[in-house]
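K.L.:
The structure is given below, and queries will be raised subsequently.
The values are calculated or read from the model by the stated rules, or taken from the named source; none is laboratory data. Note that the coordinates shown come from a computational prediction; the quantities given were computed from them, not determined experimentally. Positions of Cβ are generated from backbone atoms using ideal geometry, with glycine treated the same way; all protein chains shown enter the neighbour counts. Ligands, DNA and RNA are excluded from the accessible area calculation, which covers all protein heavy atoms including side chains. Shrake-Rupley method; radii C 1.70, N 1.55, O 1.52, S 1.80 Å.
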Amino acid sequence: MSQHFPAFIIVIPLIAAFFIFTAGWLKRTYCFYIAAVALAISLFSSFGLLLQVLQNKVVVYHFGGWSPPWGIAYRVDYLNGIVLVVSAAIAFLNLIATKKSVEKEFIERVGPFYALYVLFVTGTMGIVVTGDAFNLYVLLEIASLTGYALIGMGTEHAALASLNYVFMGTIGASFYLLGIGYLYIATGSLNMFDIASILPNIFQSNVVLFAFVICLTGLFIKMALFPMHTWLPNAYTYSPSPAISLIAPLTTKVMVYVMIRILLSVFTPSFSFKSMAVNTSFVWLAVIAIVVGSILALSQQSLKRMLSYVMIAEIGYMVGGFWLANRAGITGAILHIINDAAMTLCVFLVAGNILYRVPGDSFDNLKGLFRKMPFSMGAFVVGALSIIGVPPTCGFFSKWYLITGGIAAGHYGFVAALLFSSLVNVVLFFRIFEIGYFEPFGDLHISGSMDEEEKTFDDAPLGMLVPLMIVAAGLIALGIYTDTLVTKVIQFAIPGGIS
Amino acid sequence: MKWFGFIAVFLCGSLFIYGTVEFPGWGDPLSPTSTHVSPYYIEKTMEDTSVPNIVTAVLADYRGYDTMFETAVIFSAGIACLFLLRQMKRKKTDFRLYRHTATGITFRIEKGGKLPPTAKEFERIDGLWTPYDLIIKTTGRFIIPFIQIFALYVIAHGHHSPGGGFQGGVILGASFVLFAISHDLRSALNRMSEKLTAFFYTLGVYIYAGTGALCILLGANFLDYSALATILFVDPVTARSHGILIVEIGVGIAVMAVMVILYYNLVSAGKFDEGL
């Protein structure tokens, strides 16, 4: 059975999505359990795959029994093996953690919500596991389409924000598709590794150059790198909280993974880094993204909005680290995909818990929250310290690799931007700690009255807290086991030619 | 700002055109696209799958996994529309409207009033002005069976001629939409209720993904239709051809039902009464 793991990761959630939709018409309470079982199987299979990768190096699965380049193949190696496990774990933990708030927000639409949720996970995991450039686009479509729908059900301006995201996302995906079309014209193949074997003969061709530029533009839009980030803050601010704690950790990080995959495995490092000679310009673009993202985060007045700008800065970390084009930088970028996904999950889950008990997430509403929700805010402190980069949380280690890479590449602008962003993060998060800890409890809370009992402990339900605690502990565990992660997995994910 | 935009678009456009200069010539037999993968499909399709239409074989067999997700995209679009638009609670009105079908007179019955007998002469309508046109209804009724027969032909004949599940499904869906337009939404819902539509579009994707999963249970890789040979009592090559037909039927059902549910939701803004 274990040889079918690559299919199980994707196909079981896909079929479960259909079951969930049917169950939504029959008995609503089943939806959650079907989703949980499907995502658990998916998590189990991706874990099994990672173990297989650690033993046999590469796992290949041929769909329909056709070998590539004629058929579609899934290919799991060190790079996507680890990203798969992390995405599956995030999807599963978030599903468990948001059960109560889904019941609160979508009582009538539980069936369609969970069906879309599981389809989103299917799409995202498929993007990570696939070895076929066109199959990646199809799965990108599923992940985006379900993402738009989930975001569109949010509050206030969610529909408009989602529409804006639809436009930008579609443009990004079309660019990617166009780039793949150019590659197909140049090579006649759609399988990533087959393209990679043909490309070295035609590196001089303009068609390949344009394919490179167009693909990359599309991916930059999808991952919200600074000048193309405008869709992100609104979409993430207004979206419903159970959806955003799934979408925020996965979407942009997976797109960074796609960039790394396309540039390392399809275009190969010798083309991406040497022939193109665009490394430094892209690092500077990332520097601008980091600085602008941090400064814009400073001027926000609500928690989710601030976090979305922090994420824009984080995208700069990963893109910049990758384009440093040395081993430490790329290690940092891959490690940061994992760490940033985990810390984004942590802080957005806390935002969800806060919104479950408090009417809004503007800074006024956060007053006195350490007293009211000590456990949620405790997890928030861990997440925040990780984003700032305080050891032993995981954020410190990826930042360390990134800074080492920046120094090794002699790119001090990037190093300075990282340090600047860390300092800004200190200001951002300690401001929230201060509001939550020292400011008196306001009368904006849902309880309204100022009775002494009302002010005291009223944290989110246990079902939401336990997964959050697991995530917070995971941040520290990821930090402590960074060394294992890098020496056992990530260092093999980087092709040999990079020093 | 307008000029800035124009210049940017013009520059990028020219660059794009410049990028196409090195493209291989139109229909060039020596271009990479016609020398790398395609020859295999052209030479081997009949031998591998016994399907004369190469496009169908590539779509539903060699790259059938992509097509399954294309169906899933359509399924997601259907759910997304339902999720965003459908109003689960119906607004209660104080009155009900009925039309006397023979004369076209509309009755308005206030709350507590006596409803007309549920005989054939009266039909319930949603708006005071619900168009009623004998010519359009009759033409629609006349044309719909032909559209449906053609749709079924397109679905079933996908391996031999241009066509297949997507095209046939859209045509079949169009016939239901035509019925809803030429009559009204209420009678369309009487023919094909929301639940039935939902049943159909999950059924379609079940058929596709289920066929794939069945192949795993029979010991082959996902979507390797040759494994179906044992349960279809044919040789593995013919099994591939039958497998393609099965998934095409699944695609056809799913696409048809999604077209209908999209129409129902969009036309009535999710309220499922006579909209527009």
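K.L.:
Contact order normalised by length for segment A:103-153, with contacts defined as Cα pairs under 8 Å and 6 or more residues apart; what percent is it?
P.N.:
38 percent
K.L.:
Given a Förster radius of 45 Å and the C-beta distance between B:Ile135 and B:Leu232 as r, what FRET efficiency does 1/(1 + (r/R0)^6) yield to the nearest 0.05?
P.N.:
Efficiency for this residue pair is about 0.40.
K.L.:
Shifting gears a bit: Where the Cα atoms of segment A:174-240 are projected onto their three principal axes, how long is each span, largest first, in whole Å?
P.N.:
Here the Cα extents, ordered largest to smallest, are 48, 21, 15 Å.
K.L.:
Quick check: from the Cα gyration tensor, does segment B:1-101 come out rounded (a/c under 1.5), prolate or oblate?
P.N.:
oblate
K.L.:
To continue, here is another question. Stretched out fully, how many nm does the piece from A:Arg371 to A:Ile202 gain, at 0.36 nm a residue minus the Cα gap?
P.N.:
Going from the current span to full extension adds 54.4 nm.
K.L.:
Using the beta-carbon distance between A:Ile288 and A:Leu160 and R0 = 35 Å, what value does 1/(1 + (r/R0)^6) give for FRET efficiency, to the nearest 0.05?
P.N.:
0.80
K.L.:
Regarding segment A:40-82, what are the three Cα extents along the principal axes, ordered largest first, in Å?
P.N.:
Cα spread of segment A:40-82 along its principal axes, largest to smallest: 29, 23, 14 Å.
K.L.:
Follow-up question, since we're still on this one. Dividing the alpha-carbon radius of gyration of the protein assembly as shown by 2.2 N^0.38 Å (N being the number of residues), what value is obtained?
P.N.:
Ratio of Rg to 2.2 N^0.38 Å for the protein assembly as shown: 1.01.
K.L.:
Solvent-accessible area per residue for chain A at a 1.4 Å probe radius, Å²?
P.N.:
I get 32 Å² per residue for chain A.
K.L.:
Okay, next question. If a paramagnetic tag sat 7 Å from the Cα of B:Arg108 along the Cα-Cβ line, which residues of segment B:237-276 would have the backbone N under 19 Å from that point?
P.N.:
B:274-275
K.L.:
With a 1.4 Å probe on protein heavy atoms only, tell me which residues of segment A:138-181 lose at least 50 Å² of accessible surface in the complex relative to the chain by itself.
P.N.:
A:Val138, A:Ile142, A:Leu145
K.L.:
Express the relative contact order of segment A:279-499 as a whole percentage, based on alpha carbon pairs under 8 Å and six or more residues apart in sequence.
P.N.:
28 percent
K.L.:
What does the charge dipole of the protein assembly as shown about its Cα centre add up to, to the nearest 20 debye, if the Cβ of each Lys and Arg holds +1 and the Cβ of each Asp and Glu holds -1?
P.N.:
It comes to approximately 1080 debye.
K.L.:
Where does helix B:236-267 land angle-wise versus the long Cα axis of chain B, in degrees 0 to 90, nearest 10?
P.N.:
40 degrees
K.L.:
For segment A:279-499, just say rounded, prolate or oblate: build the C-alpha gyration tensor, square-root its eigenvalues into a ≥ b ≥ c, call rounded for a/c under 1.5, and beyond that prolate if a/b exceeds b/c, oblate if not.
P.N.:
prolate
K.L.:
For segment A:47-66, state which residues have at least 10 Å² less accessible area in the presence of all protein chains than in their chain by itself, taking the probe as 1.4 Å and leaving out ligands, DNA and RNA.
P.N.:
Residues meeting the cut-off: A:Tyr61, A:His62, A:Phe63, A:Gly64, A:Gly65, A:Trp66.
K.L.:
Oh, and also: So how compact is segment A:129-211: Cα radius of gyration and Dmax in angstrom?
P.N.:
16.4, 54
K.L.:
Among B:48-56, A:230-238, what's the highest-first ranking by average C-beta atoms within 10 angstrom per residue?
P.N.:
Descending packing order for the listed peptides: A:230-238, B:48-56.
K.L.:
Report the extension gain between A:Met469 and A:Ser270 in nm, rounded to one decimal, defined as 0.36 nm multiplied by the number of residues separating them, less their alpha carbon distance.
P.N.:
67.3 nm
K.L.:
Still on this structure, I have one more. To the nearest 500 deg cm²/dmol, what mean residue ellipticity at 222 nm is calculated for chain B from DSSP H runs of n ≥ 4 alone, each contributing -39,500 (n - 2.57), summed and divided by the residues?
P.N.:
-20000 deg cm²/dmol
K.L.:
Kindly report, to the nearest 10 Å², the accessible surface of A:Ile15 as traced by a 1.4 Å probe over protein heavy atoms only.
P.N.:
The accessible area comes out at roughly 30 Å².
K.L.:
With charges set only on the Cβ (+1 for Lys and Arg, -1 for Asp and Glu), what does the dipole of segment B:1-64 come to about its Cα centre, in debye to the nearest 20?
P.N.:
Here segment B:1-64 has a charge dipole of around 400 debye.
K.L.:
With everything on Cα atoms, drop me the angle between helix A:241-261 and the longest principal axis of chain A, reported from 0 to 90° to the nearest 10.
P.N.:
Once rounded, one gets 20 degrees.
K.L.:
Determine the total buried accessible area between chain B and chain A, counting protein heavy atoms only with a 1.4 Å probe; round to the nearest 100 Å².
P.N.:
5300 Å²
K.L.:
Just need the relative contact order of chain A here, percent rounded to a whole number, with Cα pairs under 8 Å and 6+ apart.
P.N.:
Averaging sequence separation for qualifying contacts and normalising by length gives 15 percent for chain A.
K.L.:
Oh, and also: Can you tell me which aspartates and glutamates have their Cα less than 13 Å from the Cα of A:Lys57? Leave out same-chain residues fewer than eight positions away.
P.N.:
The reachable aspartates and glutamates, counting only those whose Cα sits under 13 Å from A:Lys57, are A:Asp77.
K.L.:
Give me the dipole magnitude in Debye, nearest 20, for segment A:279-499 about the Cα centre, with unit charges on the beta carbon: positive for Lys and Arg, negative for Asp and Glu.
P.N.:
760 debye
K.L.:
Same structure, new question: Give the average, rounded to an integer, of partner chain Cβ atoms located within 10 angstrom of each Cβ in A:186-196.
P.N.:
3
K.L.:
Right, another one. Applying 1/(1 + (r/R0)^6) with R0 = 22 Å to the Cβ-Cβ distance of A:His4 and A:Leu54, what FRET efficiency is obtained, to the nearest 0.05?
P.N.:
Working from the Cβ atoms, E equals 0.70.
K.L.:
Report the net charge of residues surrounding B:Ala102, where surrounding means a beta-carbon distance below 12 angstrom and charges are Lys +1, Arg +1, Asp -1, Glu -1.
P.N.:
0
K.L.:
Let me ask you something else. Per residue of A:10-22, count partner chain C-beta atoms within 10 Å of its C-beta, then hand back the mean as an integer.
P.N.:
5
K.L.:
Of A:Lys304/B:Lys271; B:Lys120/B:Lys195; A:Lys304/B:Lys89; A:Lys27/B:Lys114, which sit over 28 Å apart, Cα to Cα?
P.N.:
Over 28 Å apart, Cα to Cα: A:Lys304/B:Lys271; A:Lys304/B:Lys89; A:Lys27/B:Lys114.
K.L.:
Work out the P(r) tail for segment A:193-337: percent of alpha carbon pairs separated by more than 21 Å, whole number.
P.N.:
Considering segment A:193-337, 44 percent of its Cα-Cα pairs are separated by more than 21 Å.
K.L.:
Moving on to the next point. Just to confirm the number: angle between the C-alpha axis of helix A:412-438 and the first principal axis of chain A, 0 to 90 degrees, nearest 10?
P.N.:
20 degrees
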